[in-house]
Amino acid sequence: VFKRFVEIGRVAFISFGPHAGKLVAIVDVIDQNRALVDGPCSGVRRQAMPFKCMQLTDFVLKFPHSARQKCVRLAWEKENINEKWAATRWAKKIEAREKKAKMTDFDRYKVMKAKKMRNRIIKHEMKKLQKMSSKKGKKPEKSEKPEKSEKPEKSEKAQKSEKVQKAPKAQK
């Protein structure tokens, strides 16, 4: 089910082209492939743009179709589109991707070391929790009963059979 439709006032993100990474508002639909867009607060001049270049966002502005740039700017500022956009997960992912692309070799090294340290701490805490849960899972032993030795003692027949098996090996 679609939730975002091409409509007058719909804010779109430009995914590629000369204005890639900027926001625009759809001012008018030219045909099924292009729209007249305007980005008064993002530095995009009014122009025709193909829908292939745009990705629709959840934001919609209220202004009449073919409105002037002044009207679009007032609606944009009234709705605080730039602040709302910066708060979205979409914008944060884009920002993180750009930040990661700009990292130097030393920055990548520091991130690697920080991840190793974090994972070591997590592993240590998980082992602590596993030990605690395994101790809680066992039944408490009563002090009246004597503790059993770790290895049960073998019967006399088993001890004799081992001696018999070892003896021929020593002779060879």
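The values are calculated or read from the model by the stated rules, or taken from the named source; none is laboratory data. A quick note: this is a predicted structure, and the numbers were derived from the prediction, not measured. Reconstructed Cβ throughout: ideal geometry from the backbone, glycine too, with neighbour counts over all protein chains shown. The accessibility values were calculated without ligands, DNA or RNA, using every heavy atom of the protein model including side chains. Shrake-Rupley method; radii C 1.70, N 1.55, O 1.52, S 1.80 Å.
Tabulated data
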quantity	calculated
Accessible-area value, His19, 1.4 Å probe, nucleic acids and ligands omitted, Å²	40
Amide hydrogen neighbours beyond the local backbone of Val44, cut-off 5 Å, H modeled	Gly39
For peptides 86-93, 125-132, 44-51, sequence by mean Cβ density within 10 Å, most packed first	44-51, 86-93, 125-132
Cα centroid separation - the stretch 95-129 against the stretch 10-75, whole Å	39
Exposure rank, largest accessible area first [Asp28, Asp105, Asp38; 1.4 Å]	Asp105, Asp28, Asp38
Residue-by-residue Karplus 3J(HN,Hα) for the stretch 93-106, coefficients 6.51, -1.76, 1.60, Hz, glycine and proline x	5, 4, 4, 5, 5, 5, 5, 5, 5, 8, 5, 8, 4, 5
Tensor-based shape of the stretch 39-119 (alpha-carbon gyration tensor, a/c under 1.5 rounded, otherwise prolate or oblate)	prolate
